[in-house]
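In what follows, a single structure is set out as structure tokens and then discussed.
The values are calculated or read from the model by the stated rules, or taken from the named source; none is laboratory data. Keep in mind the model is a prediction, meaning the values are calculated, not measured. Counting neighbours? That spans all protein chains shown, and the Cβs are built from the backbone with ideal geometry, glycine included.
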Amino acid sequence: MLVCQSGIRATDAQRRLAAAGMAYLHVLDGGVPRFARAGGPARCALERQVRLADSAC
């Protein structure tokens with residue numbers, strides 16, 4: 001799962017990583033603001049973001 005504020009950088013990262021062989025990546029539609037409106041945290045500490053990404057592997 002790739003996340004950024006608007007989805008633009010995450011989409012670019014998805015494209016680049018797919019070109020490197022990582023095909024099963026998803027961009028959080030609507031970015032952080034949409035996630036926050038749906039009840040998720042509006043911000044996460046970098047350490048938490050890394051742990052969340054790591055625990056998904």
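Okay, residues lined up against (1) at pLDDT 80 or above; (2) exposed (fewer than 12 other Cβ atoms within 10 Å of the Cβ); (3) in a loop (DSSP other than H, G, I, E, B):
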{"residue": "Arg9", "(1), (2), (3)": "yes, no, no"}
{"residue": "Tyr24", "(1), (2), (3)": "yes, yes, yes"}
{"residue": "Val32", "(1), (2), (3)": "yes, no, no"}
{"residue": "Ala36", "(1), (2), (3)": "yes, no, no"}
{"residue": "Gln49", "(1), (2), (3)": "no, no, no"}
{"residue": "Leu52", "(1), (2), (3)": "no, no, no"}
{"residue": "Cys57", "(1), (2), (3)": "no, yes, yes"}
For region 11-22 the number of residues that are out of contact with any Leu (no Cβ under 6 Å at 6 or more places or on another chain) and part of a helix (DSSP H, G or I) is 6
Cβ pairs under 7 Å, 6+ apart or interchain, first in region 1-12 and at positive phi, second among the acidic types (Asp, Glu), ordered by first then second residue, are Gly7/Asp29
